[in-house]
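A quick write-up on the structure given underneath.
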């Protein structure tokens with residue numbers, strides 16, 4: 001190999017490797033930037049979701065289930081919930097219009113896409129932008145976090161019955177704390193996780 | 001002296017409130033054509049099973065047959081505080097709460113709204129618990 005061929009080959013290698021980098025950076029630049037921004041924002045967010053502060057919401061919506069902290073679902077989900085109270089998972093949960101208005105505004109202002117928390121952000125990121133799930137337990141993040149929980153601890157456990165019953169295991173759920181280290185499954189207090 | 005009087009009034013008001021709300025509603029049901037309320041008929045209704053949406057439902061599904069006990073919501077599993085005023089004195093003291101839950105829970109349990117007479121029987125039964 002003479003010098004000239006060597007030089008040409010080197011240029012060729014540098015250019016091709018470089019182009020791979022450039023095209024990679026162009027293809028994934030948005031995603032990478034998004035990832036970096038997410039990491040920055042996420043770090044600054046409080047771990048726990050904000051506890052419920054609205055009395056109307058706590059009383060009206062906390063009667064049949066815990067008053068789920070609004071930061072666990074995006075505002076588009078809450079809007080859907082509030083639009084269908086007459087048939088709320090098979091129950092009539094309709095409210096006088098003035099109370100419904102107060103609650104709808106509270107939920108909207110404190111939804112996961114308005115008020116930041118690590119858990120709310122992670123749930124929010126696991127939902128497609130065109131989706132507005134009505135149940136927290138429908139979201140991919142929730143399911144990922146609970147996929148190892150056996151049915152005998154929830155559905156077949158008379159003290160729990162449903163994943164809707166957060167507080168039966170997350171004893172600080174009402175204060176917005178869902179840390180897995182604080183989990184104590186009702187009826188399985190002796191179990192170790 | 002005034003303080004003592006105020007305390008007595010304060011203690012007496014909740015007791016009157018229960019009587020007040022239920023009596024007021026009973027009068028309205030009577031005016032709407034209901035027969036005299038009966039705690040016994042209320043008890044029967046309380047324990048009766050209805051089939052709604054292919055499901056067996058009863059007041060006791062979520063509350064207990066013993067109203068002094070804590071119940072549990074059929075779908076969510078959330079504990080429901082006892083309905084019996086003898087152990088949970090706030091029950092039957094708030095007119096809005098009473099009418100709201102009678103309306104909602106009749107729809108779920110019976111699949112329809114309760115008649116004024118049925119509501120009268122139920123309230124008469126609950127107040128004796």
Residue selected from the stretch B:80-103 under the condition within 9 Å of another protein chain (Cβ to nearest Cβ) and closer than 13 Å to residue B:122 by Cβ, by the criterion surrounded by the most Cβ atoms within 10 Å (Cβ to Cβ): B:103
Flag if residue B:65 is surrounded by fewer than 18 Cβ atoms within 10 Å (Cβ to Cβ) and more than 23 Å from residue A:161 (Cβ to Cβ): no
Residue check, residue A:87 surrounded by fewer than 18 Cβ atoms within 10 Å (Cβ to Cβ), under 29 Å from residue B:96 (Cα atoms), over 21 Å from the mean Cα position of the chain (by Cα) and modelled with pLDDT under 95: yes
Number of the condition not met by residue A:61 [criteria: (1) farther than 13 Å from residue A:176 by Cα; (2) surrounded by fewer than 16 Cβ atoms within 10 Å (Cβ to Cβ); (3) in contact with a helix residue (DSSP H, G or I) (Cβ under 9 Å, 6 or more places away or on another chain)]: (2)
Matching residues, the stretch B:104-115, being under 12 Å from the mean Cα position of the chain (by Cα) and more than 9 Å from chain A (Cβ to nearest Cβ): B:106
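Residues are listed down the side, and each one gets a yes or a no for (1) under 11 Å from the mean Cα position of the chain (by Cα); (2) within 14 Å of chain B (Cβ to nearest Cβ); (3) surrounded by fewer than 18 Cβ atoms within 10 Å (Cβ to Cβ); (4) at pLDDT 90 or above:
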| position | (1), (2), (3), (4) |
| --- | --- |
| A:119 | yes, no, no, yes |
| A:142 | yes, no, no, yes |
| A:154 | no, yes, no, yes |
| A:160 | no, yes, no, yes |
| A:164 | no, yes, no, yes |
| A:172 | no, no, yes, yes |
Pair list, Cβ < 8 Å and 6+ apart or interchain, from the stretch B:65-79 residues that are touching a residue at least 60 places away in the same chain (Cβ under 8 Å) and more than 9 Å from every other protein chain (Cβ to nearest Cβ) to residues that are exposed (fewer than 14 other Cβ atoms within 10 Å of the Cβ) and in a loop (DSSP other than H, G, I, E, B): B:68/B:86
Breaking point among (1) touching a residue at least 60 places away in the same chain (Cβ under 8 Å); (2) within 14 Å of another protein chain (Cβ to nearest Cβ); (3) assigned to a helix (DSSP H, G or I), for residue A:137: (1)
Some residue of the stretch A:124-136 being over 25 Å from residue A:85 (Cβ atoms), within 18 Å of the chain's Cα centre (by Cα) and surrounded by 14 or more Cβ atoms within 10 Å (Cβ to Cβ): yes
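The values are calculated or read from the model by the stated rules, or taken from the named source; none is laboratory data. Note that this is a predicted model, so its numbers are computed, not measured. Here Cβ is always computed from backbone atoms with ideal geometry, including for glycine, and neighbour counts include all displayed protein chains.
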